[in-house]
1. Can you tell me which residue is modelled with the lowest pLDDT among those in the stretch 34-79 that are assigned to a strand (DSSP E or B) and of a type in the set (S, T, Y)?
2. Please work out which residue is least open to solvent (accessible area, probe 1.4 Å), limiting yourself to the stretch 31-49 and to residues that are among the β-branched types (V, I, T) and farther than 16 Å from T11 by Cβ.
3. Residue check: is A25 surrounded by 14 or more Cβ atoms within 10 Å (Cβ to Cβ), without any contact (Cβ under 8 Å) to a residue 60 or more places away in the chain, under 14 Å from the mean Cα position of the chain (by Cα) and part of a loop (DSSP other than H, G, I, E, B)?
4. Name the single residue that is farthest from R54 (Cα to Cα) among those in the stretch 1-22 being in contact (Cβ under 8 Å) with a residue 24 or more places away in the chain and not in a loop (DSSP other than H, G, I, E, B).
Amino acid sequence: MKRIENNHFQTLNDYVYKIQLTVGATAAATYIIKDNSIVNEWYSGRHDYPENSRPVDEKTQFNVGSIRKTYLALAIRVC
């Protein structure tokens, strides 16, 4: 998949990071695809609280049952 590099979504990434800190989540990510191109890919945090836990990256699988992520995805989709 083609990747488009720009800072167009920096405000969104900053907002998601702020929410991550506010709710005490160990990790957060944004991944946006438009017209079959990745236009934003951003990761923050670790899989668990210990400093030696694995950093979140493109191979991280988030639990789809997590209600917080569901609401956030819906809010982003509606905007």
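1. Among those residues, the one meeting the criterion is S37.
2. I38
3. yes
4. Applying the filter and picking the extreme gives K2.
The values are calculated or read from the model by the stated rules, or taken from the named source; none is laboratory data. On a predicted model such as this, the values are computed, not experimentally measured, just so you know. Counting neighbours? That spans all protein chains shown, and the Cβs are built from the backbone with ideal geometry, glycine included. Keep in mind that these areas ignore ligands, DNA and RNA; they rest on the heavy atoms of the full protein, side chains included. Shrake-Rupley method; radii C 1.70, N 1.55, O 1.52, S 1.80 Å.
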